Structure formats: structure tokens, C-alpha cells
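Chemist: Here it is, the structure, as C-alpha cells.
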Amino acid sequence: MRLDRLLALHGPFNRREARLAVATGQVQVAGHVVRNAEQAVSAFERVEVRGQVLQNGKPARYYMLHKPTGCASATTDPRHRTVLDLLAVPDKHELHLAGRLDYNTTGLLLLTNDGQWSRRLTQPGSKLAKRYRVYTEAPITPHYEQVFARGLYFAYENLTTQPAHLTLLGSHHAELCLVEGRYHQVKRMFGHLRNRVVGLHRLSMGPLQLDPALGPGHYRALTAEEIKLI
Ligand code: URA
């Protein structure tokens with residue numbers, strides 16, 4: 001965001017006063033006096049006006065977690081343990097989830113305090129592929145591949161799902177690649193074909209893959225390279 005906009009939004013100024021405050025050397029970004037009110041400022045830079053902190057500029061943080069079963073994809077839940085309960089990191093309540101998984105679904109879950117980054121990952125227009133391992137009650141036949149590739153009508157949302165790619169791995173076991181994330185989408189797609197999903201595991205979101213070294217319930221910070229992929 002532009003510095004003058006940020007000052008007008010969070011400070012005691014209108015835009016004109018904000019520009020004047022910058023021009024007269026009253027504003028510091030990351031500890032340095034800034035004279036250009038049009039300068040872009042990120043949410044992770046400290047901004048001070050006449051020594052008063054407007055934005056504390058805590059650093060951006062990104063984690064991948066191997067979500068286990070029996071755990072809610074939420075930051076608080078009155079009844080169940082949440083994925084945040086699994087994290088032992090400072091200020092974890094400042095984190096949010098970049099996409100959710102159902103209570104008994106396992107696999108890749110991403111947490112961050114960077115809203116722009118998580119929006120790029122989850123906004124519908126991004127069409128990032130999400131890959132899932134699916135285990136079902138009844139056999140999966142080659143017919144499923146055509147049905148999922150054509151798309152299925154979801155009456156509740158009044159839409160047809162985007163083409164999805166299914167790869168059969170066994171009689172009751174497949175890999176499904178989706179480019180969207182509707183509510184309970186995988187279970188509803190198999191439900192259309194009267195087959196119940198008994199196990200679901202997310203392997204990847206776009207270019208980010210679940211680290212095979214992470215067991216269920218374990219997590220790690222993303223590397224700088226992984227963060228840049230989104
Ligand atoms: N689709 C589902 O049905 N459940 C999930 O957790 C993720 C995708």
C-alpha cells in the first residue's frame with residue numbers, strides 16, 4: 001500500500017496532511033525517515049509518525065503442517081482441538097489458514113500472517129491445482145475419470161465444477177487434481193457417483209508439496225524459495 005494511503009487509513013490525517021507529514025520528515029519506515037509519500041509500504045514494515053507506532057511491522061511467517069485426522073481447520077473451536085493447538089510458535093494467534101481441510105482429512109495445510117500471500121493461493125481465479133489421495137468404500141471405475149473431467153453440477157451453488165483430473169491407483173484408491181475448492185468438494189464429487197470417501201489426504205497446493213519428512217501433526221517453516229513460488 002502507498003505510504004500516504006496507509007497514514008490516512010491508520011493515522012490522524014487526511015491524504016494531504018499525510019503527504020505533508022512525510023515531506024516534513026515526521027514519518028519513519030523501518031527506522032528510517034522517508035520523504036516520498038508514494039513509496040509502497042508492506043504490512044511487515046514498521047511505520048512510525050512522530051515516534052508513535054502506526055504499524056508494528058511484525059515479520060511475515062509461513063508454515064506447512066501435516067494435518068492429522070480429528071483436528072479442526074480453524075484457529076479456535078469450542079469443541080475440538082484445532083490445528084493451532086499443534087503449533088508451538090510465538091504469537092500463533094496472528095496466523096490464519098490458507099485453505100481448509102475437513103475434520104478427518106489429512107495432509108498439507110498452510111498457515112501464515114501474510115494475507116496477500118494466502119489470497120494469491122486461495123482466490124478462485126488463481127486456478128492453482130490441489131492434489132488429493134482419495135480412498136473410497138466402493139470400487140472406483142474408469143467411468144469416474146470421464147465424469148470428473150466433464151464437471152459435475154452442484155445444485156446448492158448452481159454451478160458446474162471445473163474439469164478435474166482423476167488417476168486410478170487401485171480398485172478403491174485414486175489421485176484427484178482440482179483447480180478449485182468448493183465446500184466438501186471431493187466428498188461431494190464421489191457422492192454423486194454414490195461412493196463414499198473413507199480417507200482423504202492433500203498432497204499439494206499449487207507448487208507447494210507436503211514435505212514427506214513431516215509426519216501427521218508435524219510442521220515446519222516454509223523456505224524462502226517455497227514462499228516465492230506463490
Ligand atoms: N474436499 C473435501 O471433501 N474435503 C476436504 O477436506 C478437502 C476437499
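All of the numbers you see were taken from the coordinates with simple rules; none came from a lab. Computed from a predicted model, the values in this text were never measured in an experiment. Positions of Cβ are generated from backbone atoms using ideal geometry, with glycine treated the same way; all protein chains shown enter the neighbour counts.
Chemist: Connecting C-alpha atoms closer than 10 Å in a GNM of the chain, tell me which of Ala98, Ala43, Ala23 has the biggest fluctuation.
Modeler: Largest GNM mean-square fluctuation: Ala23.
Chemist: Note down the magnitude of the dipole of the stretch 3-55 about its Cα centre, charges +1 on Lys and Arg C-beta and -1 on Asp and Glu C-beta and zero elsewhere, to the nearest 20 debye.
Modeler: I would put it at about 120 debye.
Chemist: For the stretch 167-230, report the translational diffusion coefficient in µm²/s to the nearest whole number, using Stokes-Einstein at 10 °C, 1.306 mPa s, and a Kirkwood Rh over Cα pairs.
Modeler: 112 µm²/s
Chemist: Within a 10 angstrom radius of the beta carbon, how do Asp91, Asp4 rank from fewest other beta carbons to most?
Modeler: Ranked by crowding around the Cβ, least crowded first: Asp91, Asp4.
Chemist: Next question, about the same structure. Could you tell me which of Leu178, Gly99, Ala21 has its Cα farthest along the dipole of the chain towards the positive end, charges placed at Cβ (Lys, Arg +1; Asp, Glu -1), taken about the Cα centre?
Modeler: Ala21
Chemist: At a 10 angstrom cut-off on C-beta neighbours, averaged per residue, how do the peptides 152-158, 192-198, 119-125 rank from highest to lowest?
Modeler: Averaged packing, sorted descending, gives the order 192-198, 119-125, 152-158.
Chemist: Anyone know which of Lys130, Lys58, Lys92 comes out most mobile in the 10 Å Cα GNM of the chain?
Modeler: Of Lys130, Lys58, Lys92, the Gaussian network model singles out Lys58 as fluctuating most.
Chemist: Further question: Jot down the per residue volume, in cubic angstrom and as a whole number, of the convex hull over the alpha-carbon atoms of the stretch 3-55.
Modeler: 61 Å³
Chemist: Could you point to the residue in Ser118, Ala149, Gln209 farthest towards the positive end of the stretch 62-224's charge dipole, with +1 and -1 charges on the Cβ of Lys/Arg and Asp/Glu respectively?
Modeler: The Cα lying farthest towards the positive end belongs to Ala149.
Chemist: Quick check for me: using +1 on Lys/Arg Cβ and -1 on Asp/Glu Cβ, what's the dipole size of the stretch 62-224 about its Cα centre, in debye to the nearest 20?
Modeler: Computed about the Cα centre, the dipole is about 240 debye.
Chemist: A further question on this structure: Using only helices, what value at 222 nm comes out for the chain when you add -39,500 (n - 2.57) per DSSP H run of length 4 or more and divide by the total residues, to the nearest 500 deg cm²/dmol?
Modeler: That comes out to -5500 deg cm²/dmol.
Chemist: Let me ask another. What lysines could a cross-link reach from Lys92, if we take a straight Cα to Cα line under 17 Å and drop same-chain neighbours fewer than 8 places away?
Modeler: Filter leaves Lys58, Lys67.
Chemist: What translational D, rounded to a whole number of µm²/s, comes out for the chain from Stokes-Einstein when the hydrodynamic radius is the Kirkwood one over Cα pairs, at 25 °C and 0.890 mPa s?
Modeler: 122 µm²/s
Chemist: Next question. Could you give the nm distance between label points at Leu20 and Cys177, where each point is 7 Å from its Cα heading toward the beta carbon?
Modeler: 5.8 nm
Chemist: Let me ask something else about it. Given the Cα atoms of the stretch 138-205, and with Rh set as the inverse mean 1/r over their pairs in the Kirkwood sense, what is Rg to Rh to two decimals?
Modeler: When Rh is taken as the Kirkwood radius, the ratio is 0.92.
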